[in-house]
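Student: Structure incoming, see below.
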Amino acid sequence: MQNGTIKLEATSYVGTYDGQEHDALSNISVEPSDAKLEYSINGGKYSEEMPKIKDTSEFSVTVVASKEGYKTVSTTETVKVNKANGNLTLSSYSGILTYPNSGTFSVSGNTGNLSVSSSNTNVVTVSLSGNTVTIIPKTREGSATITVKSAASANYTEKSVTYNVTVQLPHFTAS
């Protein structure tokens, strides 16, 4: 004997990476409320445990609701966590160097591997050691833009920040 069809509704989690674990499905509504719920990820093995999502990914979750005497129903939802925006902070964003002195600034808050480059290696070259960028003047005067890049990672997008440097001659005063 069939008592009818189970009513099932579910909302998939879609969000941006925040470091927190979330239920893959939310707002699950099932009538009758004592129907058995089982979940499958991407058509895999069914389990009564709600799938969780934390890191950047996308997959489908099928939920099946069953109860003796009722017609079994299912719904499939796509769950997705998007990459968060990358982050990168410099201790300073511009500076003036007096030839032949080098200079440094530090990098913090990066969410990926760091790299650094100079827009004009005839004016200055740059090197990276840990989170410290060293600027070495190559000519007596000029300007360059230094680009610091935090590479894309599993959960974050790439982020680039620039530092503007001017190299000048030492100023001598007659006495």
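Student: Taking the condition of being more than 15 Å from Val107 (Cβ to Cβ) and open to solvent by 50 Å² or more (accessible area, probe 1.4 Å), how many residues in the stretch 142-155 meet it?
Tutor: Here the count works out to 3.
Student: Hey, among the residues in the stretch 116-138 that are aliphatic (A, V, I, L, M) and crowded, with 18+ Cβ neighbours inside 10 Å, which one's farthest from Gly86 (Cα to Cα)?
Tutor: Here is the first cut: in the stretch 116-138, the residues aliphatic (A, V, I, L, M) are 116, 123-124, 126, 128, 133, 135-136.
Applying the additional criterion that residues be crowded, with 18+ Cβ neighbours inside 10 Å yields 123-124, 126, 133, 135.
Details: Val123: 29, Val124: 27, Val126: 22, Val133: 19, Ile135: 24 Å.
So, considering only residues that are aliphatic (A, V, I, L, M) and crowded, with 18+ Cβ neighbours inside 10 Å, the one farthest from Gly86 (Cα to Cα) is Val123.
Student: Taking the condition of being farther than 18 Å from Lys80 by Cβ and in a loop (DSSP other than H, G, I, E, B), how many residues in the stretch 1-26 meet it?
Tutor: Initially, the stretch 1-26 is screened for residues farther than 18 Å from Lys80 by Cβ, giving 1-9.
Of the ones still in play, those that are also in a loop (DSSP other than H, G, I, E, B) are 1-3, 6.
Residues flagged as farther than 18 Å from Lys80 by Cβ and in a loop (DSSP other than H, G, I, E, B) within the stretch 1-26 amount to 4.
Student: Still on this structure: Quick one: in the stretch 49-67, which of the residues that are assigned to a strand (DSSP E or B) and in contact (Cβ under 8 Å) with a residue 40 or more places away in the chain is most open to solvent (accessible area, probe 1.4 Å)? Before the answer, list the steps.
Tutor: Here is the first cut: in the stretch 49-67, the ones assigned to a strand (DSSP E or B) are 52-53, 57-66.
With the extra rule that they be in contact (Cβ under 8 Å) with a residue 40 or more places away in the chain, the set shrinks to 53, 61, 63, 65-66.
Numbers: Ile53: 4, Val61: 0, Val63: 0, Ala65: 0, Ser66: 31 Å².
By that ranking, first place goes to Ser66.
Per-residue answers, yes or no, for (1) of a type outside the set (A, V, I, L, M, F, W, C); (2) over 29 Å from Asp18 (Cα atoms); (3) within 33 Å of the chain's Cα centre (by Cα); (4) open to solvent by less than 70 Å² (accessible area, probe 1.4 Å):
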residue	(1), (2), (3), (4)
Pro100	yes, yes, no, no
Leu114	no, no, yes, yes
Arg140	yes, yes, no, no
Tyr163	yes, no, yes, yes
Phe172	no, yes, no, no
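Student: Is it the case that some residue within the stretch 27-45 is open to solvent by 40 Å² or more (accessible area, probe 1.4 Å), among the aliphatic types (A, V, I, L, M) and in a loop (DSSP other than H, G, I, E, B)? Walk me through how you get there before you give the answer.
Tutor: Taking the stretch 27-45 as the starting set, the residues that turn out to be open to solvent by 40 Å² or more (accessible area, probe 1.4 Å) are 27-29, 31, 33-34, 36, 38, 41-43, 45.
After this cut, where a residue has to be among the aliphatic types (A, V, I, L, M) as well, the list is 28, 41.
Narrowing further to those that are in a loop (DSSP other than H, G, I, E, B): none.
No; the residues of the stretch 27-45 include none that is open to solvent by 40 Å² or more (accessible area, probe 1.4 Å), among the aliphatic types (A, V, I, L, M) and in a loop (DSSP other than H, G, I, E, B).
Student: Might you let me know whether the stretch 89-96 holds any residue that is open to solvent by less than 60 Å² (accessible area, probe 1.4 Å) and in contact with a Leu (Cβ under 8 Å, 6 or more places away or on another chain)?
Tutor: First, the residues of the stretch 89-96 that are open to solvent by less than 60 Å² (accessible area, probe 1.4 Å): 89-90, 92, 95.
If we keep only those that are in contact with a Leu (Cβ under 8 Å, 6 or more places away or on another chain) as well, we get none.
No, because not a single residue in the stretch 89-96 is open to solvent by less than 60 Å² (accessible area, probe 1.4 Å) and in contact with a Leu (Cβ under 8 Å, 6 or more places away or on another chain).
The values are calculated or read from the model by the stated rules, or taken from the named source; none is laboratory data. Given the structure is predicted, the values throughout are model-derived calculations rather than measurements. Using ideal geometry, Cβ is built from the backbone for each residue, glycine included, and neighbour counts are taken over all protein chains shown. Calculation scope for accessible area: heavy atoms of the full protein, side chains included, ligands and nucleic acids excluded. Shrake-Rupley method; radii C 1.70, N 1.55, O 1.52, S 1.80 Å.
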